[in-house]
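The values are calculated or read from the model by the stated rules, or taken from the named source; none is laboratory data. Just so it is clear, the model here is predicted, and its values are computed rather than measured. Every residue, glycine among them, receives a Cβ derived from its backbone with ideal geometry; neighbour counts consider all protein chains shown. When the accessible area is computed, the model is the full protein with side chains, heavy atoms only, and any ligands, DNA or RNA have been set aside. Shrake-Rupley method; radii C 1.70, N 1.55, O 1.52, S 1.80 Å.
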Amino acid sequence: MTDMQRIYVHPLPVRIWHWANALGFIALILTGVQIRYVDLIGLMSFRAAVSLHNWVGWVLVGNFFIWLGFYLFTDKIRVYHPELSPVKHFRDSFRQLQYYGYGIFKGDPNPHHLSAYHKFNALQSMAYQIIMLLLVPLQFVTGVLLWDLKRFSGAVEFFGGVRVVDTVHVLLFIFFTAFILVHPYLASLGHTPSAHFKAMITGYEEVDE
Amino acid sequence: MTNSAPWVGSAAVLLAAALMFAGPASAALTDGDNACLGCHGQEGLQKTFGKGESLPLRVDGAAFEGSVHAPLGCAACHSDVELKTHPAAGKSFDSVRAYSVAKAAVCEQCHEDAFKQHEGSVHAKRMREGSALAPTCTGCHGAHAVTPKTAYQTCVGCHSAALAAHQQWLPNAALHHEVVSCAACHAPAALRMVDLRLHDPATKTWAAEKAGEPWFEKLARSVDANGNGLDARELLDLVKRINPAGSAAPKAFRGRIELRSNVEAHRLSDKAAAIRACDVCHREGAEPFRNVVVSVAGPDGRPLRHAAQQEILGAASAVVSLPEFYAIGGTRSPLLDVLFVVALLGGAGFPLGHMAVRWLFRKYRASRE
Ligand code: HEM
């Protein structure tokens with residue numbers, strides 16, 4: 001931990017999006033659980049949970065477009081550029097897995113080296129793309145359909161019926177619940193436990209020379 | 001004061017006229033009924049009341065013939081009418097409303113249950129308080145064209161502002177009005193059920209059995225081998241048999257919340273007592289979801305029903321067998337509950353386990369520094 005350099009990895013729009021999204025997800029999970037398990041939990045009334053869930057849902061839909069717009073209209077999208085050589089991508093992913101599942105215990109260095117256009121390791125880059133371009137939009141679309149089944153009855157029918165739409169919404173909710181528990185833990189595995197959290201606030205990540 | 005006096009002299013003339021102009025008599029009705037319709041099937045006859053109001057006396061014979069009461073004949077409800085003395089002997093009333101209220105009392109003779117329930121309803125109460133608009137039996141069912149078709153359509157005829165009033169407090173009010181019968185909320189003391197009705201996407205209406213071609217009850221009974229109500233597998237089987245492989249527009253069951261007994265639709269309460277708590281339905285094991293039937297409209301509009309087990313609503317196979325019915329809470333899937341618990345345990349367990357292993361290796365790491 002000698003010579004640390006500060007590099008700017010999280011531009012302001014990304015940081016705003018990230019924390020709004022994190023709070024929103026937690027609120028959606030809590031209200032979602034309340035909606036689903038009125039018989040078990042009494043955080044708030046069913047009615048309050050539904051209306052809060054819908055409001056927060058819409059705010060997050062808007063927030064998503066901050067994220068999407070930022071990446072579409074800046075060259076920062078390069079952080080998500082896929083590794084074009086599948087062999088290399090595979091090897092990097094495997095190394096990263098090996099690090100989290102074994103090397104980290106022994107004190108091996110993290111195989112991923114961070115830079116402004118290379119802030120994600122191979123695993124993160126893939127996981128975040130699936131989450132942000134597939135799972136999150138699917139959660140939003142199913143949520144919006146459930147929000148007004150009558151207005152969107154054509155689309156609901158297209159997806160195979162309200163039961164199908166809701167089941168997808170709930171399956172994704174289950175995934176996001178696990179995600180929200182694991183994500184902060186993985187984020188604490190930087191060179192210090194709070195390093196990545198600070199970076200998501202200040203925008204600057206400290207890296208070894 | 002009697003209104004019939006002017007008629008006494010001309011009764012004979014009228015009778016002759018009626019016999020001359022009578023329309024074709026219906027073969028389905030008795031001669032007695034056709035005799036009544038000889039005069040009352042015509043336009044123009046009317047009765048004047050004390051306050052000067054008048055009531056058209058035409059009865060639509062064809063509609064009566066198609067009504068549930070056709071086999072009973074006119075005399076079942078008009079036993080006071082004797083052709084020999086009629087119409088001269090007719091009683092007099094102050095107003096059409098007074099006449100209508102008095103006549104509706106006849107329904108009690110055969111529908112004592114409905115009558116009793118109605119007597120305790122908000123409508124009967126308002127009527128006793130002097131409302132000139134609150135309906136009696138005929139206000140909702142009519143008098144001569146009573147069919148088993150749902151009488152709920154009449155509610156919005158009088159309560160046209162109801163939807164807007166519900167939108168003030170009920171989310172997705174239009175959808176709720178479509179899938180929850182008015183009485184399910186407005187007869188709070190009644191018991192409810194889930195009625196899974198077969199819907200036909202080709203015609204965009206409820207699927208109905210044609211007269212003379214019964215199939216639903218037989219099919220449901222043969223699928224429900226042990227006769228204890230359809231379980232999840234049997235429902236899947238029923239749906240497959242209704243939609244043979246390759247059906248272009250498969251019919252699907254759509255759920256509605258109805259009363260278990262239609263008679264209880266008359267126990268309408270004051271709006272203050274109506275159900276407004278969401279979790280009467282939107283919770284696991286909610287009362288309406290403990291009783292489930294699948295149904296198809298019969299040829300006369302009356303539903304043909306077959307019992308089903310409660311568990312079909314949350315079964316994993318419901319994604320296929322009931323894709324078009326889902327109501328938060330009442331149809332919760334136990335499988336998804338299990339997955340959720342696994343996700344919670346896994347989501348919390350992974351960090352804890354990983355941390356524990358790191359802790360076990362702490363000395364090894366320190367030795368490598
Ligand atoms: C992204 C995180 C989200 C999570 C974790 C989540 C979670 C949940 C859960 C658990 C339920 C209960 C479903 C059931 O029991 O069947 C639910 C229902 C629902 N969700 Fe979401 N949801 C999310 C996003 C959204 C969004 C973006 C919207 C759109 C506005 C939305 C709208 C709805 C609606 C309309 C319902 C039905 C209940 C209601 O009327 O509120 N959700 N959600």
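Those helices (runs of 4 or more DSSP H) of the range B:125-188 in which at least 3 residues are within 16 Å of the ligand (Cβ to nearest atom), considering only elements entirely within it, cover B:173-179. Quick check: is even one residue across the range B:206-220 part of a helix (DSSP H, G or I), over 25 Å from the mean Cα position of the chain (by Cα) and more than 22 Å from residue B:316 (Cβ to Cβ)? No, the range B:206-220 contains no residue that is part of a helix (DSSP H, G or I), over 25 Å from the mean Cα position of the chain (by Cα) and more than 22 Å from residue B:316 (Cβ to Cβ). Out of all the residues in the range A:185-203, is one or more at pLDDT 90 or above, touching a strand residue (DSSP E or B) at 6+ places or on another chain (Cβ under 6 Å) and away from the ligand (no atom under 16 Å from the Cβ)? Yes, there is a match, as at least one residue in the range A:185-203 is at pLDDT 90 or above, touching a strand residue (DSSP E or B) at 6+ places or on another chain (Cβ under 6 Å) and away from the ligand (no atom under 16 Å from the Cβ). Residues in the range B:139-194 that are within 22 Å of residue B:116 (Cβ to Cβ), open to solvent by 40 Å² or more (accessible area, probe 1.4 Å) and β-branched (Val, Ile, Thr): B:150, B:154. Annotation note: of A:23, A:72, A:30, the sole residue that is open to solvent by 80 Å² or more (accessible area, probe 1.4 Å), at negative phi, within 12 Å of the ligand (Cβ to nearest atom) and out of contact with any Leu (no Cβ under 9 Å at 6 or more places or on another chain) is A:23. Residues of the range A:134-146 include none that is more than 9 Å from chain B (Cβ to nearest Cβ), farther than 30 Å from residue B:172 by Cα and touching a His at 6+ places or on another chain (Cβ under 8 Å). Look at residue B:325 and say whether it is in contact with a helix residue (DSSP H, G or I) (Cβ under 7 Å, 6 or more places away or on another chain), within 16 Å of the ligand (Cβ to nearest atom) and modelled with pLDDT of 95 or more. Yes: the conditions hold for residue B:325. Applying the set (1) more than 16 Å from the ligand (Cβ to nearest atom); (2) not in a helix (DSSP H, G or I) to residue B:113 leaves exactly one unmet item: (2).
Which condition number in (1) out of contact with any Phe, Trp or Tyr (no Cβ under 9 Å at 6 or more places or on another chain); (2) within 16 Å of the ligand (Cβ to nearest atom); (3) within 14 Å of chain B (Cβ to nearest Cβ) is the one that residue A:62 fails? Failing condition for residue A:62: (3).
Of the helices (runs of 4 or more DSSP H) entirely within the range A:79-156, those holding at least 2 residues that are closer than 30 Å to residue B:353 by Cα, open to solvent by 40 Å² or more (accessible area, probe 1.4 Å) and within 16 Å of the ligand (Cβ to nearest atom) occupy A:122-130. In this structure, is residue B:270 assigned by TED's automatic domain parsing to the domain that holds residue B:198, among the acidic types (Asp, Glu) and open to solvent by 40 Å² or more (accessible area, probe 1.4 Å)? When the stated conditions are applied, residue B:270 passes them. Against the conditions (1) open to solvent by 30 Å² or more (accessible area, probe 1.4 Å); (2) more than 10 Å from the ligand (Cβ to nearest atom), residue A:10 satisfies every one except (1). In the set (1) modelled with pLDDT under 90; (2) near the ligand (Cβ under 9 Å from one of its atoms), the condition left unmet by residue A:4 is number (2). Residues that are within 23 Å of the chain's Cα centre (by Cα) and among the aliphatic types (A, V, I, L, M): does the range B:247-257 have at least one? So far as the range B:247-257 goes, yes, one or more of its residues are within 23 Å of the chain's Cα centre (by Cα) and among the aliphatic types (A, V, I, L, M).
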